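Quick notes on the structure that follows.
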Amino acid sequence: VFLKVLGIDTNDRTALYYYVQIALRSNQIAEAKKIIEQVDKNTAIYEFISGLVKEHEAGHEQALKHFRAAWAKDAFDLYAEKLYGLYTAQKDKTAIKNLVTEWAGRLPNSGQAILLSAMLKQEEGLNDDAIKLY
């Protein structure tokens, strides 16, 4: 009802993200789940906001599964950022490098992907490559 009253399109991934975040920060998990129920299950945003709920419920492995599925379905900075944050928290350097490489390939104009690519090059001692990216 809330989404309909506000005229929110259930395909508007940014609006859905913020509404689910508001519900979760208010510890209204049931409300967040009601929002998810209105979204097409075959979409990336469905996977992403489902992951947010799982993460909130401390289901980190299930959350990661949903975030990976969202990224696989749609190249969107927000999805990659979430994966990057989780991989960084896990200190999974291989996953970080693979993600950043894929991110830069799928979204070549993403400032975040370019910056993270430059930082990885710098960490690898490839300073000339890093400078070009910076």
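The values are calculated or read from the model by the stated rules, or taken from the named source; none is laboratory data. Quick caveat: nothing in here was measured; it's all calculated off a predicted structure. Methodologically, a virtual Cβ is constructed for each residue, glycine included, from the backbone with ideal geometry; neighbour enumeration extends over all protein chains shown. Just so you know, the surface numbers come from the protein's heavy atoms only, side chains and all, with ligands and any DNA or RNA stripped out. Shrake-Rupley method; radii C 1.70, N 1.55, O 1.52, S 1.80 Å.
Where residues in region 25-47 are within 16 Å of the chain's Cα centre (by Cα) and of a type in the set (Ser, Thr, Tyr), which of them is surrounded by the most Cβ atoms within 10 Å (Cβ to Cβ)? Once the filter is applied, the top-ranked residue is TYR46. Taking residues in region 109-134 that are in contact (Cβ under 8 Å) with a residue 12 or more places away in the chain and at negative phi, and partners anywhere that are of a type in the set (Asp, Glu) and open to solvent by 50 Å² or more (accessible area, probe 1.4 Å), the pairs with Cβ atoms closer than 7 Å and at least 6 places apart or on different chains are GLN112/GLU81; LYS121/ASP129.
Considering region 48-80, and only residues there that are under 20 Å from ALA23 (Cβ atoms) and out of contact with any helix residue (DSSP H, G or I) (no Cβ under 6 Å at 6 or more places or on another chain), the residue that is least open to solvent (accessible area, probe 1.4 Å) turns out to be GLY59.
The single condition among (1) open to solvent by 50 Å² or more (accessible area, probe 1.4 Å); (2) in contact with a helix residue (DSSP H, G or I) (Cβ under 9 Å, 6 or more places away or on another chain) that SER110 does not satisfy is (1).
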